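A.B. asks: This is the structure I have questions about; it appears just below.
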Amino acid sequence: MGGARAQVNKAHKTRFASKSSRNVHKVSSKDKSRIAKPDRNLTKGARAARLQRNKMMREQKRDALLKEKRASSGSNSPPRVIVLFGLSRSVDLSALEQDLLKLLSADGTGVVYQAVASSEYKLRATVLKAPHGDLLACMEMAKVADLIAFVTSASSSNEEDCYIDAFGSHCLSIFRALGLPSTAVLIRDLPSELKKKNDSKKVCTSSLSSEFPEDCKFYPADTKDDLHKFLWLFKEQRFSVPHWRNQRPYLMAQKVDVVADNSISGKCTLLLSGYIRARSMSVNQLVHITGAGDFQLSKIELLKDPCSLNVRKGGDLMESDDMNEAQVISCLTPDPMKQEPLLVENVPDPLAGEQTWPTEAEMAEAERNQEERKLKRKTLPKGTSEYQAAWIVEDSDADVSESENEEDDGMVLDEGENAFNSQGRMDEFELDDDQASLALVSDEETETHSMMMDGENLTREQMEEEIRKIKEAHAEDEEFPDEVDTPLDVPARKRFAKYRGLKSFRTSSWDPKESLPQEYARIFAFDNFNRTQKHVLSRAREMEQNIDECIPAGSYARLHIREVPIGMANKLNRVTTTMPVTLCGLMQHESKISVLHFSLKKHDSYTAPIKAKAEMIFNLGFRQFVARPIFSSDSFNADKQKMERFLHPGRFSVASVYAPISFPPLPLIALKIKDDATPATVAAIGSLRSIDPDRVILKKIILTGYPQRVSKQKATVRYMFHNPEDVRWFKPVEVWSKCGRRGRIKEPVGTHGAMKCILNGVLQQHDTLCMSLFKRTYPRWPEKWFPMTDA
């Protein structure tokens with residue numbers, strides 16, 4: 001009756017099931033024989049191979065760990081660098097340094113940055129004392145530290161700073177950005193009574209444990225027994241260093257000498273003596289001195305170790321007499337065929353893009369045009385010579401050119417294949433000299449807003465006024481981003497001649513090779529950056545295998561760096577009294593200039609606005625250089641990025657700069673210097689992201705207008721432009737409103753720049769009509785590359 005919709009009930013389950021129904025799920029013995037069985041011998045072989053493979057992997061890891069331990073604690077390893085950093089100003093680091101040196105050596109005196117060899121602990125170490133308040137010195141010491149010993153005082157719990165002050169917390173955040181090596185916390189000024197001592201240690205540990213890694217140990221450091229226990233544990237500890245430090249060889253100079261070079265005026269040879277660390281150093285590779293720049297080596301001398309465990313049975317400091325009279329074991333000189341050239345910038349050929357000789361087709365076409373001119377008769381005044389006739393232009397040619405100019409008087413919308421060249425548009429709309437200079441000056445003002453003039457020419461009141469203007473521009477950029485006013489005295493088609501409209505920011509095309517600045521002729525680019533990086537790393541590993549050209553890691557050597565400016569060498573000599581001079585080896589291509597992109601975030605302690613193209617000092621690993629970055633957003637779904645006029649706090653932006661090539665991963669600390677009198681402050685932190693000159697960064701501006709009359713989907717808008725020619729020029733660009741309407745310009749109205757627009761809905765009277773324009777922007781070329789270089 002119900003047909004297909006008839007109700008179907010489940011079958012009744014009987015309590016007493018038959019034997020046949022109970023054995024339905026079982027497989028008969030006949031069917032079992034038909035099922036193919038896997039080969040038991042094959043299974044046993046696979047299991048044995050798997051066990052053998054796991055055993056081999058365990059043994060390889062054990063061997064690698066043992067090799068690393070022997071390399072870090074053996075006699076061939078360089079002395080370990082211990083940096084004592086006081087978490088507050090009340091901590092006495094000098095007394096702790098003397099106590100450690102007394103335990104490690106027979107006498108606790110010596111010159112700066114000496115190594116200590118202790119036969120009792122079978123340990124070689126260099127103890128550095130970080131000056132409290134000197135940010136740059138603390139940062140340079142943290143880069144070379146094998147262990148950072150944070151020192152705090154138990155008696156500071158009664159004070160306001162409570163174990164760690166503002167400078168200590170600030171430096172600790174920078175050390176985290178650089179990558180923390182092995183850490184330990186030494187607690188001083190504990191009570192002598194055992195119960196109070198344990199309670200004070202627990203309170204200090206609970207207060208500071210959140211600031212440090214989980215494996216960080218807390219040690220009392222008042223008595224000789226406490227320091228003795230700390231040194232034994234320090235000797236057996238397995239050290240962890242940031243990955244970027246193991247990519248390149250580096251040297252912390254324990255002695256700096258200058259040798260005059262008579263062949264080149266103003267230059268000298270700089271001698272740096274110290275231990276090669278992390279990797280073997282080749283005499284053919286380039287080196288970078290932090291803050292000074294990139295240089296070539298003239299030779300490397302392998303010296304007898306002045307601080308050997310085998311010689312110093314009683315344990316002593318490295319003596320200055322031994323350093324002066326160092327015995328040279330071997331000397332390596334560079335091979336001119338293999339030495340890496342010191343190539344910084346590409347030398348552009350100004351005639352490379354010029355056509356110096358016409359082709360055969362062009363010559364044939366020119367001959368045909370000449371014959372046509374001869375056959376064509378001209379009506380000339382009586383007594384006109386041939387030379388005078390060549391300068392007479394016919395009326396028909398003039399009419400054609402005028403009509404072409406009238407047709408071209410308009411802005412082209414960049415949509416797919418109809419993209420136009422901004423340089424070509426400038427040629428179509430010719431400007432006289434005064435107007436062109438005015439357009440360039442006004443464009444530069446919008447691009448940089450109110451760039452500060454030279455600090456030497458400004459009084460204090462003028463500097464305060466400039467800072468106030470920058471802060472006002474920063475606040476205005478946050479409230480009304482990208483909005484600009486159309487000038488009254490300059491036509492908009494001239495003022496914004498370099499800008500173009502985009503149908504869609506995400507999908508519209510933009511040629512990365514179009515209208516490049518002249519700086520792009522001086523930089524280098526890679527066809528495939530990832531492939532080049534793999535090739536460079538493999539080449540560096542092959543170079544280390546060549547014993548005839550390399551000094552192995554852990555050796556004591558003297559590096560002869562040639563063609564160093566004398567003024568720079570004297571600065572490095574003065575710097576050694578406050579901070580270590582660090583040298584690192586460079587890989588292939590790392591001296592050349594390209595466009596580097598960094599992932600950057602404004603530091604929490606820096607409150608002043610950071611403007612695009614402002615001069616900053618970038619600390620990238622061991623390298624240090626001057627840059628003037630531009631900031632942009634990071635969009636994954638678009639091949640174009642939007643420029644940001646300021647580095648906004650609380651989020652990451654991409655900073656693009658002209659800088660020497662470096663291969664990631666590398667940490668970045670960006671410093672900002674207000675003037676020569678004040679020290680540099682940390683403005684932002686981040687890391688190296690990529691190297692890509694073809695990354696398109698677009699500066700966006702928004703022109704705004706206000707509705708005057710609204711009739712259904714039509715509206716008359718004013719104050720976006722101030723003459724009808726500008727309306728016709730920007731007619732192809734789409735307009736939009738802040739309330740979500742979109743439309744186009746139909747025609748100009750009147751003579752004061754009003755225009756009639758057609759929208760996809762009714763425009764409200766309180767709404768604002770906007771037009772988005774874009775142009776590609778580039779970083780600014782710095783006046784000097786390195787902080788110690790004279791501008």
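A.B. asks: Quote to one decimal, in nm, the extra length available between Ile264 and Thr532 on full extension: 0.36 nm per residue of separation minus the C-alpha distance between them.
C.D. replies: Length difference between fully extended and current span is 92.9 nm.
A.B. asks: Now, a different point. First measure r as the distance between the Cβ atoms of Phe239 and Val484, then evaluate 1/(1 + (r/R0)^6) with R0 = 60 Å and state the FRET efficiency to the nearest 0.05.
C.D. replies: Values: r = 55 Å, r/R0 = 0.92.
That gives a FRET efficiency of 0.65.
A.B. asks: With a 1.4 Å probe and all protein chains kept in place, how much accessible area does Arg741 have, in Å² rounded to the nearest 10?
C.D. replies: It works out to around 90 Å².
A.B. asks: Something else: Probe of 1.4 angstrom, ligands and nucleic acids ignored: what's the accessible area per residue over the stretch 480-583, in square angstrom? Before the final figure, lay out each step's value.
C.D. replies: On the way: 5510 Å² over 104 residues.
Normalised by residue count, the accessible surface of the stretch 480-583 is 53 Å².
A.B. asks: Continuing with the same structure: Per residue, what accessible area does the stretch 206-252 have, given a 1.4 Å probe and all protein chains present, in Å²? Could you put the intermediate results ahead of the total?
C.D. replies: On the way: 2540 Å² over 47 residues.
Roughly 54 Å² per residue, with all protein chains present.
A.B. asks: Now, a different point. Would you please classify the overall shape of the stretch 499-623 from the alpha carbon gyration tensor, given that a ≥ b ≥ c denote the square roots of the eigenvalues, rounded means a/c under 1.5, and beyond that prolate means a/b larger than b/c while oblate covers the rest? Walk me through the numbers before you get to the answer.
C.D. replies: Numbers: a/c = 2.36, a/b = 1.47, b/c = 1.60.
In terms of gyration-tensor shape, oblate.
A.B. asks: Report the local net charge at Ser594: Lys and Arg +1, Asp and Glu -1, summed over other residues whose C-beta lies under 12 Å from its C-beta.
C.D. replies: On the way: positive: Arg522, Lys592, Arg695; negative: Glu345, Glu519, Glu590, Asp692, Asp694.
The answer is -2.
A.B. asks: Simple spin-label model, 7 Å along Cα-to-Cβ: Lys224 to Ile758 in nm?
C.D. replies: 9.7 nm
A.B. asks: Shifting gears a bit: Please find the FRET efficiency linking Cys162 to Ala608, where r is the Cβ-Cβ separation and R0 is fixed at 30 Å, and quote it to the nearest 0.05. Kindly include the intermediate steps, with their values, before the conclusion.
C.D. replies: On the way: r = 28 Å, r/R0 = 0.94.
The computed FRET efficiency comes out at 0.60.
A.B. asks: Using a/c under 1.5 as the rounded threshold, could you call the stretch 607-654 rounded, prolate or oblate? The axes a ≥ b ≥ c are square roots of the C-alpha gyration tensor eigenvalues, and prolate needs a/b larger than b/c, oblate otherwise.
C.D. replies: Values: a/c = 2.01, a/b = 1.46, b/c = 1.37.
Prolate.
A.B. asks: Describe numerically, in nm with one decimal, the distance between label points set 7 Å from Cα along Cα→Cβ at Ile702 and at Lys122.
C.D. replies: 7.0 nm
A.B. asks: Still on this model: Taking the convex hull of the alpha carbon atoms in the stretch 663-720, what volume per residue do you get, in Å³? Walk me through the intermediate numbers first.
C.D. replies: Working: hull volume 13.5 nm³, N = 58.
Each residue corresponds to 233 Å³ of Cα convex hull volume.
A.B. asks: Show me 298-306, 541-549 ranked by packing, highest mean number of other Cβ atoms within 10 Å first. Kindly include the intermediate steps, with their values, before the conclusion.
C.D. replies: Details: 298-306: 19.3, 541-549: 12.7.
Per-residue mean Cβ counts within 10 Å order the peptides as 298-306, 541-549.
A.B. asks: Under the classification rounded if a/c is under 1.5, otherwise prolate if a/b is larger than b/c and oblate if not, where does the stretch 108-238 fall, given a ≥ b ≥ c as square roots of the Cα gyration tensor eigenvalues?
C.D. replies: Details: a/c = 1.64, a/b = 1.11, b/c = 1.48.
Oblate is the answer for the stretch 108-238, as a/c is 1.5 or above yet b/c matches or exceeds a/b.
A.B. asks: Still on this structure, please answer the following. For the stretch 135-263, give the percent of accessible area contributed by carbon and sulfur heavy atoms, probe 1.4 Å, rounded to a whole number.
C.D. replies: Details: 2930 of 5870 Å².
C and S atoms contribute 50 percent here.
A.B. asks: Computing the accessible area with a 1.4 Å probe over protein heavy atoms, can you report the carbon and sulfur percentage for the stretch 707-766? Walk me through the numbers on the way to the answer.
C.D. replies: Details: 1580 of 3300 Å².
Carbon and sulfur atoms account for 48 percent of the accessible area of the stretch 707-766.
A.B. asks: Extending each Cα 7 Å along its Cβ direction at Leu66 and Lys738, get the distance between those two points in nm, one decimal.
C.D. replies: Result: 7.3 nm between the two label points.
A.B. asks: Let me ask another. For a quick check of understanding: with a 1.4 angstrom probe and all protein chains in place, what accessible area in square angstrom does Val203 have, to the nearest ten?
C.D. replies: Here the accessible area works out near 80 Å².
A.B. asks: Using the heavy atoms of the protein chains alone and a 1.4 angstrom probe, what is the accessible area of the stretch 723-783 per residue in square angstrom?
C.D. replies: Numbers: 2710 Å² over 61 residues.
Per residue, the stretch 723-783 has an accessible area of 44 Å².
A.B. asks: Quick one: which residues, 5 or more positions from Ser280 or on another chain, have an amide H under 5 Å from its amide H? H modelled 1.01 Å from N in the peptide plane, none for Pro or chain starts.
C.D. replies: Result for Ser280 returns Ala553.
The values are calculated or read from the model by the stated rules, or taken from the named source; none is laboratory data. In this text, all values refer to a predicted model and were calculated from it rather than measured experimentally. All Cβ positions, glycine included, derive from the backbone under ideal geometry; neighbour counts span all protein chains shown. Areas reflect the complete protein model, heavy atoms only, side chains present, ligands, DNA and RNA absent. Shrake-Rupley method; radii C 1.70, N 1.55, O 1.52, S 1.80 Å.
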